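Values in this text are rule-based calculations from the coordinates and carry no lab data. Source: prediction; values computed, not measured. Positions of Cβ are generated from backbone atoms using ideal geometry, with glycine treated the same way; all protein chains shown enter the neighbour counts.
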Amino acid sequence: MKIMVAGAGSVGIAIAEDLVSKGFEVVVMEHDPAVVEKLSSSTTLKFVSGDACEVASLQAAGVGQVEVVVAATGDDEDNLVISLLAKQEFAVPRVIARVNNSKNQWLFNESWGVDVSVSTPQQLTALVEEAVSVGSIVRLLQFEHGSASLAEVTLAPSSPAIGNALDEIDFPEDCTVVALVRDGRLHTPVPETVLSEGDEVVLLVSQTAEEQVNMLLCGRPS
């Protein structure tokens, strides 16, 4: 599989090196020739000089032959432009974009050519929330441009779900319990699993079902 990473900053280089170590064919595109020259002497990665925000540069770099483009620059505006060009001008099957400022997350959707967006600040915030929140839904990862999430709920003593088996709880169709953490151990849930105080319930849930799930597991709407 051929992959292009746009942006030779620390994030882009780390992604490229990790992908190469897993056997993928990767080229890194960087607009600053001095950066390319410097990095070429210290790594075995393949580089191409050019502005990934320009159609001509992307074409010269061979973006039309790659299966995945990763827009990994430190500028959200650049990452959106790169994503849009990769998808609309070159029909790249999979476009993944880095979100530097979580306030811009809402822009990174299919209208800008983004298939998957990754926001490190948002993920760190979710991890902090997961560590300190009890009795409320915490979104760990978002899918389908925010319409679905991998979420976690730590059951508080007041949870109406405590003492009930999973098959006794009327979960909506667009919600699936995928894991259960109890006493520091990961368990695979089955319909007969009875929930207890302090259980960490991990779910795949749609945005529209979150309020109902909050009522079922937390006893209040989101």
Can you tell me the FRET efficiency between Thr208 and Asp183 if r is taken as the Cβ-Cβ distance and R0 is 25 Å, rounded to the nearest 0.05?
0.15
Listed by chain and number, the residues whose amide H is under 5 Å from that of Ser119, excluding neighbours fewer than 5 places away on the same chain and using placed H, are Val99
Ranking Met4, Met215 by Cβ neighbours within 10 Å, fewest first, what do you get?
Met215, Met4
Put a dot 7 Å past each Cα toward the Cβ at Glu25 and Gln88; how far apart are the dots in nm?
2.9
Of 166-174, 154-162, ordering from highest average Cβ density within 10 Å down gives 154-162, 166-174
I'd like the Karplus ³J(HN,Hα) series for segment 183-190: coefficients 6.51, -1.76, 1.60, θ = phi - 60°, whole numbers in Hz, and an x wherever there's a Gly or Pro.
6, x, 10, 7, 10, 8, x, 10
For the Ala34, Ala14 Cβ pair and Förster radius 25 Å, calculated FRET efficiency rounded to 0.05 is 0.80
Around Ala6, what is the net charge, scoring Lys/Arg as +1 and Asp/Glu as -1 over all other residues with Cβ under 12 Å from its Cβ?
-4
In deg cm²/dmol, rounded to the nearest 500, the helical mean residue ellipticity at 222 nm of the chain, built from -39500 (n - 2.57) for every DSSP H run of length 4 or more, is -8000 deg cm²/dmol
Amide H neighbours of Glu25 at under 5 Å, excluding residues fewer than 5 places away on the same chain, with H built from the backbone geometry, are Ile3
Using θ = phi - 60° and Karplus 6.51 cos²θ - 1.76 cosθ + 1.60, couplings along segment 88-93 (whole Hz; Gly, Pro as x):
7, 8, 10, 6, 5, x
So how far, in whole Å, is the C-alpha centre of segment 101-118 from the one of segment 145-222?
28
Arrange the peptides 29-40, 66-77, 86-97, 177-188 so that the one whose residues have, on average, the most other Cβ atoms within 10 Å appears first.
66-77, 86-97, 29-40, 177-188
Neighbours of Arg94 by Cβ distance under 9 Å: Lys/Arg at +1, Asp/Glu at -1, summed charge -2
Förster-model FRET efficiency, 25 Å R0, Glu197 and Asp170, C-beta, rounded to 0.05:
0.75
